[in-house]
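Structure first, then comments.
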Amino acid sequence: MTDAEDPTGAPTGRGPEPEAPTHGVGPWPGGPDEWPDDPRYDPELLAEGDRRNVVDGYRYWSMDAIVADLDAKRHPFHVAIENWQHDLNIGTIVRSANAFLAAEVHIVGKRRWNRRGAMVTDRYQHVRHHEDVAAFAAWARGAGLPVIAVDNIEGSVPIDRAELPRDCVLLFGQEGPGLSPEALEAATGVVEITQYGSTRSINAASAAAVIMYEWCRRWA
Ligand SMILES: C[S@@+](CC[C@H](N)C(=O)[O-])C[C@H]1O[C@@H](n2cnc3c(N)ncnc32)[C@H](O)[C@@H]1O
């Protein structure tokens, strides 16, 4: 997108300006009197520049304004991951959930998770904790959402042939054990990603990205 194409009229940060930062944009040109009159813009970002990892359309927007805009158009699928061993995939899954605009991410098990892989995207993504599978399953039932387990186990249906409801929770397992028996029991179906090489599985974060992409391909 060029600056001229940006609907907000904000500089997009692309293009070889000698003084421009390589990531993000510098201060809005001119003084406060010349700043755009839009409550979504954050005065501090206008003054200091915006180096955050956000798409160009959100440059200079406050975090609250970005979250409100995302909330208005989130997709109706949720993502859940079991967390009994502080799985390092969770941060990456949160980042992908943000990219594919999931309604919410659910952490099932331990409350603490390693945020490093999220690259700050968790600030823009609703993340909910459930003490155990029973609490998560009760929440899904109450929300009227079928739980679709994602794992390559006996009886899994390849995702390209499986039904993928528009409103659903996609549930992923951990490195090593995969989904627990309780988690599989809470699911209405199990889907798998077809593989062709020698490894038994891909990692949970990669699997989550593939399945979220597939959901978006069908429904977004
Ligand atoms: C590394 S896998 C471990 C368990 C796996 N069942 C195995 O036999 O090795 C961790 C998680 O990643 C996801 N996953 C990895 N590869 C997958 C595949 N081919 N199809 C579906 N899910 C997969 C699942 O959610 C799984 O619980």
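Just need a number here: residues in the stretch 122-152 that are touching a residue at least 60 places away in the same chain (Cβ under 8 Å) and within 16 Å of the ligand (Cβ to nearest atom).
Here the count works out to 2.
Mind telling me which of the residues Arg141, Arg111 ends up being basic (Lys, Arg), surrounded by fewer than 17 Cβ atoms within 10 Å (Cβ to Cβ) and at pLDDT below 95? Quick ask: steps written out before the conclusion?
On the way: Arg141 fails: at pLDDT below 95.
That would be Arg111, the only listed residue that is basic (Lys, Arg), surrounded by fewer than 17 Cβ atoms within 10 Å (Cβ to Cβ) and at pLDDT below 95.
From Leu145, Leu171, Leu164, which residue is in contact with a helix residue (DSSP H, G or I) (Cβ under 8 Å, 6 or more places away or on another chain), closer than 24 Å to Cys216 by Cα and part of a loop (DSSP other than H, G, I, E, B)?
Every option except Leu164 fails the conditions.
Taking the stretch 158-177 on its own, how many of its residues are closer than 13 Å to Val147 by Cβ and within 12 Å of the ligand (Cβ to nearest atom)?
Initial filter on the stretch 158-177 (closer than 13 Å to Val147 by Cβ): 164-165, 167-173.
Now drop any that are not within 12 Å of the ligand (Cβ to nearest atom), which leaves 170-173.
Qualifying residue count for the region: 4.
Please enumerate the residues belonging to the stretch 75-95 that are more than 11 Å from the ligand (Cβ to nearest atom), crowded, with 24+ Cβ neighbours inside 10 Å and of a type in the set (Gly, Ala, Ser).
None - no residue of the stretch 75-95 is more than 11 Å from the ligand (Cβ to nearest atom), crowded, with 24+ Cβ neighbours inside 10 Å and of a type in the set (Gly, Ala, Ser), so the list stays empty.
Yes/no per residue for (1) in contact with a Ser or Thr (Cβ under 8 Å, 6 or more places away or on another chain); (2) among the charged types (D, E, K, R):
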| position | (1), (2) |
| --- | --- |
| Gly155 | no, no |
| Pro158 | yes, no |
| Gly173 | yes, no |
| Leu179 | no, no |
| Ala187 | no, no |
| Glu192 | yes, yes |
| Ala207 | yes, no |
| Val210 | no, no |
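The values are calculated or read from the model by the stated rules, or taken from the named source; none is laboratory data. In this text, all values refer to a predicted model and were calculated from it rather than measured experimentally. Heads up, the Cβs are rebuilt from the backbone with ideal geometry, glycines too, and the neighbour counts pull from every protein chain shown.
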